Amino acid sequence: MKTQSIKLICGLLLIALCSCQKSTELSGSKPNIIFILADDMSYYDLSCLGQKEFSTPNIDKLYNNGLFFSEAYSSAPECAPARGTLMEGKHLGHSRIRLNRSVRMQDHLKDEDITVAEMLKTAGYKTGFVGKWGIGLPGTEGTPDKQGFDYAYGFYDQLRAHGFYPHYMMENGKQVPVPENYGFDMDNAYAHTNNKEGLNVYDENGQLLPKGIKDPYKAKNSQDLIHEKALTFLKDNHESPMFLYYATQLPHGPCITPDLGEYKDKPWEMKHKEWAAMMTHLDRHVGELVDLTVELGIDKNTIFIFSSDNGYAHCGYMGRKHWEDDPLFKNKGPWKAGKFASFDGGVRIPMLAYCPGKVQKGNTSHKVVLYDFLATACDMAGVNPPENDGLSFVPLLQGNTEQQEEHAYLYWGGGTFTPQAQAVRMGDWFATRNTPAEPLQLWNLKYDISCEKDVAKENPALVKEILEIMQNEHRDSEWYTNPGDTKQILKEKKEKAEKEGTMQVPVKANSVYPKIN
């Protein structure tokens with residue numbers, strides 16, 4: 001059982017001891033906070049950033065009337081660690097979740113880990129989570145209902161979040177059946193992603209006919225279910241400070257959509273039509289969230305933050321080589337590599353903030369990273385944060401750039417393709433190495449945004465400094481791969497987990513999962 005009482009006492013003590021100076025009027029004002037995290041969204045999937053083949057008018061509205069962070073980074077180059085670091089406010093050298101998989105497979109937050117939701121609860125916030133969690137399987141101490149969220153609905157298992165027509169969802173730790181989706185053929189959805197055209201079937205109006213479901217017109221799309229719960233949470237909690245973590249599945253593949261809409265008759269292959277429709281689906285729901293805050297009269301006291309979880313992943317759902325740009329959408333951008341890799345392109349993400357009258361309109365090149373969110377949320381709530389690696393960007397939100405602290409450097413570790421990798425962004429420099437036995441690679445992003453010319457040999461003093469940062473910022477993890485770990489070390493870790501009975505095995509979408517309630 002989670003020691004909520006201990007955490008609550010610690011949080012209340014932090015409030016009592018808090019004597020920090022308020023750098024802006026937003027500090028300590030306890031606004032509502034809605035953090036929308038897209039899943040595998042490409043940097044240039046937004047029309048406000050240049051997408052020409054489809055549009056995102058509601059997200060564009062946030063961009064045009066809010067603050068865009070042109071130098072924003074994810075905390076990780078893949079799903080689970082990005083989500084874990086967002087909740088903990090720690091980089092990948094210190095965080096609990098380091099990769100999508102540990103030797104125990106899908107690992108989880110622990111009881112002693114303090115999340116942003118727990119901190120906001122100490123300040124009187126109502127806290128809600130909807131969508132893809134991915135950092136605590138059902139039955140573990142890492143589920144959102146045990147990590148500070150008053151309300152939690154969605155997918156706890158990130159592998160199950162691959163499916164948009166699940167046979168059950170999780171709500172506050174319990175399974176909620178979705179009988180309308182019984183029989184959905186998930187293998188067909190995966191085969192569609194593996195570049196087999198014609199497997200997803202749509203009627204003459206562009207509406208999906210999900211394979212395997214008895215009555216396809218009654219099928220329930222998980223994003224729609226998640227969105228309904230989010231709207232209800234806002235309606236039920238708008239009279240007190242509230243925090244909503246809206247971790248949509250969209251537009252993560254396999255590509256599938258309930259309605260092709262305006263893209264039905266486009267002369268594109270089906271997966272391009274679906275991707276565009278998935279982005280339109282997400283954009284519509286963002287607009288409905290914003291509209292509801294207006295209807296409830298809380299729009300001028302609600303901070304929206306919109307971002308994504310990792311770098312370029314679109315190629316994986318279209319059958320292209322890793323990180324190859326899309327010839328139609330051209331949505332990758334100039335950065336090196338993409339998802340699963342500790343290069344600049346693996347962690348580059350779009351990010352924006354919006355609140356009429358509270359968030360300064362414009363564009364900032366100040367470097368921010370997802371692990372800054374905990375410090376930022378605590379600043380707005382008026383509580384001192386627990387130990388973390390982030391910096392509050394509240395001054396930036398209100399245009400007080402001269403008061404904004406700057407990171408001396410940003411740090412990353414891991415990536416499924418190179419689990420021992422470490423990376424650092426310091427000023428205009430980006431550096432990475434795949435293992436401690438390999439040489440450091442170094443690029444100057446000011447002159448080489450695509451990281452084509454390695455200049456490590458020309459900068460030995462800088463290389464030495466960055467290697468020291470990598471050494472100092474990494475703390476070994478019990479279950480994840482550490483820099484320098486041998487195959488024998490990893491084998492022994494796994495054997496230890498198996499002996500203890502602590503393996504954390506994820507379950508494929510729409511397969512049988514043992515009941516936990």
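The values are calculated or read from the model by the stated rules, or taken from the named source; none is laboratory data. In this text, all values refer to a predicted model and were calculated from it rather than measured experimentally. Here the Cβ positions follow ideal geometry from the backbone for every residue, glycine too, while neighbour counts run over all protein chains shown. In case anyone asks, the SASA skips ligands and DNA or RNA and just uses the protein heavy atoms, side chains included. Shrake-Rupley method; radii C 1.70, N 1.55, O 1.52, S 1.80 Å.
Side notes on the structure shown:
- Within region 409-428, the set of residues being farther than 20 Å from TYR480 by Cβ and crowded, with 19+ Cβ neighbours inside 10 Å comprises just one member, ARG425.
- Output for region 62-86, where each listed residue is open to solvent by less than 10 Å² (accessible area, probe 1.4 Å) and assigned to a loop (DSSP other than H, G, I, E, B): GLY66, SER74, SER75, ALA76, PRO77, GLU78
- Hey, LYS273 under 17 Å from LEU46 (Cα atoms) and in contact with a Lys or Arg (Cβ under 7 Å, 6 or more places away or on another chain) or not: yes
- Checked against the criterion of being touching a residue at least 40 places away in the same chain (Cβ under 8 Å), over 17 Å from LYS90 (Cβ atoms) and in contact with a strand residue (DSSP E or B) (Cβ under 6 Å, 6 or more places away or on another chain), region 383-405 contains one or more residues that satisfy it.
- Test: residue in region 430-449 that is closer than 30 Å to ASN65 by Cα and either touching a Leu at 6+ places or on another chain (Cβ under 8 Å) or open to solvent by less than 50 Å² (accessible area, probe 1.4 Å) (or both): yes
Quick grid of which residues meet (1) surrounded by fewer than 23 Cβ atoms within 10 Å (Cβ to Cβ); (2) touching a Lys or Arg at 6+ places or on another chain (Cβ under 9 Å):
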residue	(1), (2)
GLY124	yes, yes
LYS132	no, yes
GLY136	no, yes
THR140	yes, yes
TYR182	yes, yes
ALA191	yes, no
ASP203	yes, no
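- From the list THR302, THR232, the lone residue that is at negative phi, open to solvent by 30 Å² or more (accessible area, probe 1.4 Å) and of a type in the set (S, T, N, Q) is THR232.
- Within region 142-157, tally of residues that are of a type outside the set (Ser, Thr, Tyr), crowded, with 22+ Cβ neighbours inside 10 Å and touching a strand residue (DSSP E or B) at 6+ places or on another chain (Cβ under 8 Å): 6
- Identity of the residue in region 359-408, farther than 25 Å from GLY311 by Cα and among the small types (Gly, Ala, Ser), that ends up surrounded by the most Cβ atoms within 10 Å (Cβ to Cβ): ALA381
- Against the criterion of being of a type in the set (Asp, Glu), open to solvent by 70 Å² or more (accessible area, probe 1.4 Å), modelled with pLDDT of 95 or more and over 24 Å from the mean Cα position of the chain (by Cα), ASP265 qualifies.
- Within region 38-54, residues that are touching a residue at least 12 places away in the same chain (Cβ under 8 Å) and within 17 Å of ALA313 (Cβ to Cβ) reach partners that are in a strand (DSSP E or B) and of a type in the set (Phe, Trp, Tyr) with beta carbons closer than 8 Å, at six or more positions or on different chains, in the pairs ALA38/PHE306.
- Condition met for LEU296 (of a type outside the set (D, E, K, R), surrounded by fewer than 22 Cβ atoms within 10 Å (Cβ to Cβ) and either within 21 Å of ALA191 (Cβ to Cβ) or modelled with pLDDT of 95 or more (or both)): yes
- Region 36-61 - residue that is of a type in the set (Gly, Ala, Ser) and not in a loop (DSSP other than H, G, I, E, B) and, of those, most open to solvent (accessible area, probe 1.4 Å): SER47
- Lone qualifier among ALA408, ALA377, ALA421, ALA353 - being at negative phi and free of Cβ contacts under 8 Å to residues at least 40 places away in the same chain: ALA408
- Per-region count, region 270-286, residues open to solvent by 10 Å² or more (accessible area, probe 1.4 Å) and under 14 Å from GLN51 (Cα atoms): 2
- Filtered residues of region 335-358 (kept if open to solvent by 10 Å² or more (accessible area, probe 1.4 Å), over 20 Å from LEU410 (Cα atoms) and in a loop (DSSP other than H, G, I, E, B)): PRO356, GLY357, LYS358
- Scanning region 320-334 for residues that are over 25 Å from LEU92 (Cα atoms) and either among the hydrophobic types (A, V, I, L, M, F, W, C) or open to solvent by 50 Å² or more (accessible area, probe 1.4 Å) (or both) returns LYS321, GLU324, ASP325, PRO327, LEU328, PHE329, LYS330.
- Test for SER75: is it farther than 30 Å from GLY382 by Cα and among the hydroxyl-bearing types (Ser, Thr, Tyr): no
- Residues that are in a helix (DSSP H, G or I) and surrounded by 24 or more Cβ atoms within 10 Å (Cβ to Cβ), drawn from region 87-117: MET87, GLU88, VAL116
- Restricting LYS235, LYS273 to those that are in contact (Cβ under 8 Å) with a residue 12 or more places away in the chain and either of a type in the set (Ser, Thr, Tyr) or touching a Ser or Thr at 6+ places or on another chain (Cβ under 9 Å) (or both) reduces the list to LYS273.
- Within the option set LYS499, LYS493, LYS464, LYS487, being closer than 26 Å to ARG98 by Cβ, at pLDDT 95 or above, open to solvent by less than 70 Å² (accessible area, probe 1.4 Å) and of a type in the set (Lys, Arg) holds for one residue only, LYS493.
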